[in-house]
1. According to the Kirkwood expression over distinct Cα-Cα pairs, how big is the hydrodynamic radius of the stretch A:57-165, in Å?
2. Under 8 Å for C-alpha pairs, at least 6 residues apart: give me the relative contact order for the stretch B:151-260, rounded to a whole percent.
3. Give the value in nm², to one decimal: projected area of the alpha carbon convex hull of chain B, averaged over all directions.
4. Per residue, how much accessible area does the protein assembly as shown have with a 1.4 Å probe, in Å²?
5. So if I place +1 on the C-beta of Lys and Arg and -1 on the C-beta of Asp and Glu, and nothing else carries charge, what would the dipole magnitude of the stretch B:220-285 be about its Cα centre? I want it in debye, nearest 20.
6. Mean residue ellipticity at 222 nm from the helices of chain A, using -39,500 (n - 2.57) per DSSP H segment of n ≥ 4 over the full residue count, to the nearest 500 deg cm²/dmol?
7. Per the Kirkwood formula on distinct C-alpha pairs, the Rh of the stretch A:208-248 is how many angstrom?
8. How big is the stretch B:137-290 along each principal axis, measuring the range of its Cα positions in Å and listing the largest first?
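The values are calculated or read from the model by the stated rules, or taken from the named source; none is laboratory data. Quantities reported herein were computed from a predicted structural model and do not represent experimental measurements. Here the Cβ is made from the backbone with ideal geometry for all residues, glycine too, and neighbour counts use every protein chain on show. Just the protein is used for accessible areas: all its heavy atoms, side chains included, with ligands, DNA and RNA removed. Shrake-Rupley method; radii C 1.70, N 1.55, O 1.52, S 1.80 Å.
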There are 2 protein chains.
Amino acid sequence: MAATAPTRAKTAIVDTDIHNELPSAQTLAKYLTAPWRQRHELLGARSGKRGAGYPRSVTGNARTDSWPPSGLPPGADLPFMREQLLDRFNIEHGILNPFVPGPGVLDVEYGAALCRAANDWLVAEWLDPEPRLRGSVVVPFEDGELAAEEIERRARDGRFVQVLVMTRTNEPLGRRKYWPMYQAAERHGLPIAMHFGGSTYGPITAAGWVSHYIEDHVGAAQVTQSQVTSLVFEGVFERFPGLKIVLTEGGFAWLPPLMWRMDRAWGKLRAEVPHLGQPPSAYVRKHMWVTTQPMEEPPSGPQFLQTLAHFGCEHMVMFATDYPHWDFDAPDTAFPARLPEPLGRKIMRENARALYRF
Amino acid sequence: MAATAPTRAKTAIVDTDIHNELPSAQTLAKYLTAPWRQRHELLGARSGKRGAGYPRSVTGNARTDSWPPSGLPPGADLPFMREQLLDRFNIEHGILNPFVPGPGVLDVEYGAALCRAANDWLVAEWLDPEPRLRGSVVVPFEDGELAAEEIERRARDGRFVQVLVMTRTNEPLGRRKYWPMYQAAERHGLPIAMHFGGSTYGPITAAGWVSHYIEDHVGAAQVTQSQVTSLVFEGVFERFPGLKIVLTEGGFAWLPPLMWRMDRAWGKLRAEVPHLGQPPSAYVRKHMWVTTQPMEEPPSGPQFLQTLAHFGCEHMVMFATDYPHWDFDAPDTAFPARLPEPLGRKIMRENARALYRF
């Protein structure tokens, strides 16, 4: 725990998106059972991943000052994370969303073994030594049954507070193949965090493959919108009324216009989706949350506050730093406007405390 | 011209999106030269089109009251269009965006011949008999050179006021293969209208193929966003500083948040796109226009006006009915708020008059 007072934050904060990293590609080997370990050492994981990653290198997406003195990669050194993030910014609780091999592996059985290993690693090397941290269950989400099995395996450990899914998927996330995962998450009251990233069978935008990383990065919003649309119109929330979804690192200023657009379309086309008992926006407000980083920042503070007001409620937005990634948001400089109270407290702490039952 | 006074509009209006239809699949045959006519009658056009169309049938996307007494399909009967749209709503100028075979045909030479035939048909059967109507140049847009040739062929006829491109394309529209088309359009001062529709090589959303038409319909906004991003970051507006783009039937409430998102990303990643001399939003405001139908409608009038104010300028939004399609917007009932003046006049008439030089 912190020995010194936080230097940049007086009030306690919940950080809903921290990325811890594997120290090396071999770390998971010791958490794998024998046949999988052999395979891991012989071949390693094949994923279809294209797009979403900062192109320079695996850890090239990190803040340049986030390389620990230990020589480990950014995000892989817990003492340094304590110093640089948890202590400095008075992070009361921080949720780990590790990007590890497993979820994107095309052989889903091997992927499931890697996810089990990653969750064991999370417990042993992060949650056990640091009580401020909470974990996301890493699951092989392209197979709903295998993902559900991993959720069942972790649900007893209250330090796992959500399930981690990437937003670029093989099929829209409302599809039935993903439903066993939702059923398990609902049963245990675990939100599903849909974090930007992953890969698709097709191009990473609806217009095709893009030339620049900046287009890929801006495109995080578009794929997240497509997933919101799919979850709502497939009737996932009618089938799983206790399901909660957190949209992580996909932006959020676009969500009110998307709610308006879906409601207007539903007003004219509801005969196609008779399984929906409420307007689309009602499902969004009841079942979805968003995290702040990276923010769409309008040129004026009042416009930012209007955008937050367009949500029509104050419980949905939760603060995140995205530590240690290059576009990190510091709690004290992240917002383009001074947040009025109690909205500020809700975004920085209370909304996450309520959702995750801290 | 109208013999009677308009019944539902006192002030003149410009309608920037009207869909006239071919009376039958054989209509274009008489406008095709001999070898193409033979092929057209033997085989017809093969397109890769999937998604975007109202699924019931080709004209199943029409208002049920838009079937003319003549027995022709909706949008194919000019006298009935005069009565039901131009006269009734005091449409001073209406821009035709016909969906015809040609642009989506996989054999681009044959597609180019069909586009030429369609433009001849537009002149002979629509622009010649009705002076209130203006035409969009139909082009085989997947081939920049062939598209440029068709633009050259039509540019002398001032009744063609823009070039028609669909938003679902084989590659993002910023790519160089499309540049000859932009060069020709810029040379002749013709805006490019990017109208929702078309087909892609990949799935129609960044999350994959969707189950419902309502998701496809909501997805119009996502693919339009991807195209805006591509056009801006590929540097199209630096290369063609006179180019103008009209985003038709893709919605518009999402555009301010997208400008904010692009500006923020550019602030951190501009080294990847050194060819951009200005923030992304500056290109959008200088080079892009949007049409109103279908609108994202917030639950309150003030929120709608705030959204319009978030554009940061008043010249970009232009009214459209989308006649005769099922989600038609009547000028007197389209808006969820009473528009203040002069913004109302600008949206209903003046912005389009300025852009199209009426």
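1. 14.8 Å
2. Values: 137 pairs, mean separation 38.1, N = 110.
Averaging sequence separation for qualifying contacts and normalising by length gives 35 percent for the stretch B:151-260.
3. Numbers: hull surface 70.6 nm².
If you wrap the Cα atoms of chain B in a convex hull and average its projections, you get 17.7 nm².
4. Values: 25650 Å² over 716 residues.
So the protein assembly as shown comes to 36 Å² accessible per residue, rounded to a whole number.
5. Working: 7 positive and 5 negative charges, 34 e Å.
Dipole magnitude for the stretch B:220-285 comes out near 160 debye.
6. On the way: 12 runs with 110 residues, N = 358.
Estimated from H runs of four or more residues: -8500 deg cm²/dmol.
7. Details: mean 1/r = 0.0842 Å⁻¹.
That comes to 11.9 Å for the stretch A:208-248.
8. Principal extents (Cα only, largest first): 41, 40, 25 Å.
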